[in-house]
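S.K.: Attaching a single structure in structure tokens format; questions to follow.
The values are calculated or read from the model by the stated rules, or taken from the named source; none is laboratory data. Computed from a predicted model, the values in this text were never measured in an experiment. Cβ sites come from the backbone with ideal geometry, for glycine too, and all protein chains shown count toward neighbours.
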């Protein structure tokens, strides 16, 4: 927290825009509730929206992606999401939530985006897909526009990993290592039997 305040003050002193997020590893995720649109839910063959709130993100490892409703934002972190999808970490051990900021979409594309979200929900029915009509998440978490952020939460709801923008190879390796091995006994994210090969204390 003091480090984040120091960066903010330094940026203001220089008279430049401060690129400081509200998310810090080890801290809780700032509360977010989305009532307009919200989470896509399957009801038989029908699709409906329901209010969504971040307070439900506990009890299991959570992988969140918050992104602008733009193809350019979607492609930013496909290397990470593809790596996670193709990994041998059982899907039952974590939950994926994708939140799409419809307030940050190209003019005239909202309907197309909603159609794509419905198709993705039918394909990836285990995951949560949330439509943020007014960009409330970007405001609450102080994220960049036209971007894609990856957030990993521990079962206690605290932030364990956060990047706003494209993850490079080192970031992807760090995130996957954290999901597989945890970060020490108290921060271990998954059950011990999945830590094989990680070494003592959940690290390689």
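S.K.: On the given criteria, is residue 104 over 17 Å from residue 61 (Cβ atoms) and either outside any strand (DSSP E or B) or modelled with pLDDT of 90 or more (or both)?
M.R.: Spelling it out, residue 104 is indeed over 17 Å from residue 61 (Cβ atoms) and either outside any strand (DSSP E or B) or modelled with pLDDT of 90 or more (or both).
S.K.: Within region 115-138, take every residue that is more than 16 Å from residue 64 (Cα to Cα) and without any contact (Cβ under 8 Å) to a residue 60 or more places away in the chain and give me the one that is surrounded by the fewest Cβ atoms within 10 Å (Cβ to Cβ).
M.R.: 123
S.K.: Something else: Condition check: assigned to a helix (DSSP H, G or I), in contact with a strand residue (DSSP E or B) (Cβ under 9 Å, 6 or more places away or on another chain) and surrounded by 20 or more Cβ atoms within 10 Å (Cβ to Cβ). Does residue 73 satisfy that?
M.R.: yes
The rows are residues; the columns are (1) over 19 Å from residue 98 (Cβ atoms); (2) out of contact with any helix residue (DSSP H, G or I) (no Cβ under 7 Å at 6 or more places or on another chain); (3) not in a helix (DSSP H, G or I).
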{"residue": "134", "(1), (2), (3)": "no, yes, yes"}
{"residue": "146", "(1), (2), (3)": "no, no, yes"}
{"residue": "150", "(1), (2), (3)": "no, no, yes"}
{"residue": "156", "(1), (2), (3)": "yes, yes, yes"}
{"residue": "159", "(1), (2), (3)": "no, yes, yes"}
{"residue": "162", "(1), (2), (3)": "no, yes, yes"}
{"residue": "172", "(1), (2), (3)": "no, no, no"}
{"residue": "175", "(1), (2), (3)": "no, no, no"}
{"residue": "179", "(1), (2), (3)": "no, yes, no"}
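S.K.: Using beta carbons and a limit of 6 Å, which pairs, at least six apart or on different chains, have the first residue in region 17-40 and at positive phi and surrounded by 14 or more Cβ atoms within 10 Å (Cβ to Cβ) and the second one at pLDDT 90 or above and assigned to a strand (DSSP E or B)?
M.R.: Close Cβ pairs satisfying both conditions: 37/49; 37/131; 38/49; 38/50; 38/51; 38/52.
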